[in-house]
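First up is the structure itself, then whatever we jot down about it.
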Amino acid sequence: MQALIVDDEPLARNELKYLLNQIGSFSQIEEAENIEETLEQLLSHEFDVIFLDINLMEESGLDLAKKINKMKHVPHIIFATAHDTYAVQAFELEATDYILKPFEKSRIEQAIKKITYAESHHTIETKQVNQDEVLPIEIEDRIYVLNINDIIAISVNQGVTTINTVETEYETSEPLSFYEKKLNDTKFLRIHRASIINKKHIQSVEHWFNSTYQVTLTGNIKLQVSRSYMKTFKSEIGLV
């Protein structure tokens, strides 16, 4: 299993990580100390379980759980806190368990057994989706999970990254390279330093200025193939 520990106290994170390593059920254990770091981790990894504190500096672990529950891949949430007053709210958010500090190894093992039982008996829907088929993006306080096949193009203009899909478009502040690393290179193609396209959405290609091409995509989106990407583009779509 892969776990993420979310707690603003380093000592608490270290203690829990030590106990998880002793239990030995985890191939990966990552850490985050606030909501921002947590969302960054969730955008780049899929975790089986999150151990989540309630009080995160001036932030609420309960609010974070609400955001996590909106994601396409929803990991098991185990609240790990010093407060016993939030248990009802935690389980209203479909938490798998609620454990109290100071942590006890036997209690953590019990919580992990709930996860393995739920997975083996399919009693809890975890909404797991193949990472190759979706692209999670964060805009303001919300995470959208896009179907890869619905993405037409991703381009950058004046510091704003625009993701065009068959239904709408999204604007983010992440660089193009961030998304390029996440996309399947058999489906997507870099055609310019400022744009990536989905090959299945190519509608037509026409000659353009300076011995380049202009590509028309689904939705009548038009993008230029720069000279430095011409050779790769022609090879990928079978023009050579």
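The values are calculated or read from the model by the stated rules, or taken from the named source; none is laboratory data. Keep in mind the model is a prediction, meaning the values are calculated, not measured. For neighbour counting, all protein chains shown are included, and Cβ atoms are generated from backbone atoms with ideal geometry for every residue, glycine included. Accessible surface is based on the protein model in full, side chains and every heavy atom, while ligands, DNA and RNA are left aside. Shrake-Rupley method; radii C 1.70, N 1.55, O 1.52, S 1.80 Å.
Please specify each residue of the range 26-53 satisfying the condition of being of a type in the set (Gly, Ala, Ser) and open to solvent by 10 Å² or more (accessible area, probe 1.4 Å). Before the answer, list the steps.
As a first pass, look at the range 26-53 and keep what is of a type in the set (Gly, Ala, Ser): 27, 32, 44.
Selection gives SER27, SER44.
What is the residue count in the range 162-198 for residues that are within 17 Å of the chain's Cα centre (by Cα), without any contact (Cβ under 8 Å) to a residue 24 or more places away in the chain and open to solvent by less than 50 Å² (accessible area, probe 1.4 Å)?
1
Looking at the range 35-66, which of its residues are modelled with pLDDT of 90 or more and touching a His at 6+ places or on another chain (Cβ under 8 Å)?
Across the range 35-66, the qualifying residues are ASP48, VAL49, ILE50, ILE54, ASN55.
Of the conditions (1) more than 25 Å from SER120 (Cβ to Cβ); (2) modelled with pLDDT of 95 or more; (3) within 23 Å of the chain's Cα centre (by Cα), ILE29 fails just one. Which one is it?
The failed condition is (1).
Exactly one of these conditions fails for VAL215: (1) among the β-branched types (Val, Ile, Thr); (2) open to solvent by 70 Å² or more (accessible area, probe 1.4 Å); (3) in contact (Cβ under 8 Å) with a residue 12 or more places away in the chain. Give me its number.
(2)
So the check is Cβ under 6 Å with 6+ separation or different chains; which pairs have a first residue in the range 1-17 that's within 14 Å of GLU37 (Cβ to Cβ) and open to solvent by less than 10 Å² (accessible area, probe 1.4 Å) and a second one that's part of a loop (DSSP other than H, G, I, E, B) and aromatic (Phe, Trp, Tyr)?
As it stands, the answer is LEU4/PHE47, since those pairs meet every condition given.
Which one of these is within 24 Å of LEU39 (Cβ to Cβ), open to solvent by less than 100 Å² (accessible area, probe 1.4 Å) and at pLDDT 85 or above: ILE124, ILE115?
None of the other options fit; the residue is ILE115.
Quick one: which residue in GLU9, GLU15, GLU46, GLU58 is closer than 30 Å to LEU146 by Cβ and of a type in the set (D, E, K, R)?
The unique qualifying residue is GLU46.
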